[in-house]
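Encoded as structure tokens, the structure appears first; notes follow it.
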Amino acid sequence: MAASLSHFPSSASPPRFSFAKLFSPSPAPNPNPATSTSSPKTLDLTLNPSSIALEQLRTSPRSPLPPPRPSPLLSATSPGPISPYFIRVLCNNSVWEVVNGFDLVYFDNAATSQKPSGVLKVLDEYYQSYNSNVHRGIHYLSAKATDAYEGARNKVAAFINASERREIVFTRNATEAINLVAYSWGLSNLKSEDEILLTVAEHHSAIVPWQIVAQKTGATLKYVNLTKEEVPDLQQLKESLSNKTQIVIIHHVSNTLGSALPIEEITALSHRVGAKVLVDACQSVPHMVVDVQKLDADFLVASSHKMCGPTGIGFLYGKSELLSSMPPFLGGGEMIADVFHDYSTYAEPPSRFEAGTPAIGEAIGLGAAIDYLSNIGMQRIHDYEKELANYLYDSLCSIPKVHIYGPAPSEISHRAPLCSFNVENIHPTDIATFIDEQYGVAIRSGHHCAQLLHRALGVNASARASLHFYNTKKEVDIFIQALKETIDFFTSIH
């Protein structure tokens, strides 16, 4: 979908984004401002004459922040709210400095999270100190790399409370994990007249693989629609389950609606008719305690880069008896037991599904990210983010002509710390572009890999602000003020 940028006057085009500017360390503050030769930071009042309130927010103690110091956030046992100083501890004082002349407000965490310096350090240590292939050598470097790689598997298993480590398969990402189940379990078990049950709110990565499998096997795809509250209709889901249902594909937390589904209830209902359940947990594992044994999910997938880990790696959880019954997804080295001229025998899971040289450094980095999150405490993160989610939702609700998608938060129904929204008569891409280039606020626009959902909502696209535990209410205030002024600007030129 092309961005509609015709609203920008040609004589006053906003400054373009500069990666060099983004990743270059900011100059040290002048201890004596009176002797400074540089011009003070000002807003572009030509495009936005009502920016005084936003400037006051930005020039309050948030900018510049004090030097990094130990934060109570870094202790899993320390009480109290998350410290606003943590943002500097997290990010090495570079990426978070300045975007287009402003302190960056990063509200695109549903797409990817920022990385703690400890994760970057672990990656660097692997490549500089003990870079070697795993499982294949008896020398020191190979043994050390193998220990670290398999140690990361142990950390993932403990993090989601898998019953044993071999239930964790490393994949390239959550998308590959879903494809693994679709091609290995799906092609082996589905046949004509079988049914695959999904909701219209699923991510494309949870839909497209099953469309391909359905075309190959003759199975039927069935979709659960939304209620008037804009959440998947659980009553329709219950009524759609039958002895024809072989697998239910369901998200734990929606990347667009911000709603969480009762997975324990869904798995219990599905298992009564003999159906397996695959849970897309990409938006839940980074934000809350996830216990696969309690959920009783047959399969669960998540991605490292959304949980403060590196890109290029995710994982599949599968019950051991299911993984043992499944054929390989890819063929090659590592996944074999013995190779003969006309056939091969295969290793036990998880090796059976990890053909070739794996993403060793990335797995080790994921392990470091899990250490980091665990040290903070996932329940602590979740409690803080519930408060942040409510603050974001209420703040957006205060702006006229803004429609937020998904359910309102309540005592029994908590929203994830994200809001997808539209503003009447303003394209979401115009909002996302303008708010980035004029205010340094990073949000996302588009269909968020959920076109079926957007069609069900009656729109083609939406803007999305998504937060993580290192964001603050003060940043929400900056975002809200910037959004108000963005709306004022586009309203004034219509």
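The values are calculated or read from the model by the stated rules, or taken from the named source; none is laboratory data. Predicted model only: the values in this text are computed from it and were never measured. Neighbour counts run over all protein chains shown; Cβ positions are idealised from the backbone, glycine included. Just so you know, the surface numbers come from the protein's heavy atoms only, side chains and all, with ligands and any DNA or RNA stripped out. Shrake-Rupley method; radii C 1.70, N 1.55, O 1.52, S 1.80 Å.
Computed quantities for the displayed model
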quantity	calculated
For region 231-300, accessible area per residue (1.4 Å probe, heavy atoms of protein chains only), Å²	32 Å²
Estimated FRET transfer efficiency when R0 is 45 angstrom, pair D291-Y140 (beta carbons, to 0.05)	0.75
Total lysine pairs whose alpha carbons fall under 23 Å of each other in region 119-375 (8 or more apart, or interchain)	27
Heavy-atom accessible surface of region 119-375: percent carbon and sulfur, 1.4 Å	49 percent
Farthest positive-ward along region 270-396 dipole, Cα basis, beta-carbon charges - from N390, A281, S325	N390
Charge tally in the Cβ shell below 12 Å around L198, where Lys, Arg are +1 and Asp, Glu are -1, L198 excluded	-2
Taking region 279-375 and dividing mean pair separation by its residue count, relative contact order in percent (alpha carbons under 8 Å, at least six apart)	24 percent
Reachable lysines from K386, criterion Cα separation under 17 angstrom, eight or more residues apart if same chain	K473, K474
Whichever aspartates and glutamates have a C-alpha closer than 13 Å to that of K401, once near sequence neighbours (fewer than 8 apart) are set aside	E424, D488
Probe 1.4 Å, accessible area per residue of region 329-400, Å²	44 Å²
Label zone at D394 (point 7 Å along Cα-to-Cβ), backbone N below 16 Å, region 461-494	472-478, 480
Estimated FRET transfer efficiency when R0 is 51 angstrom, pair E125-T227 (beta carbons, to 0.05)	0.55
R0 of 35 Å, Cβ-Cβ distance I412-V273: FRET efficiency to nearest 0.05	0.85
Å² of accessible area per residue within region 408-494, as computed with a 1.4 Å probe and no ligands counted	33 Å²
Percent of alpha-carbon pairs separated by more than 23 Å within region 119-375	51 percent
Length-normalised contact order for region 119-375 - Cα pairs under 8 Å, 6+ apart - percent	25 percent
Heavy atoms of V459 accessible to a 1.4 Å probe, total area in Å² rounded to 10	40 Å²
Point-to-point label distance, K238-L330, nm (Cα→Cβ direction, 7 Å offset)	4.2 nm
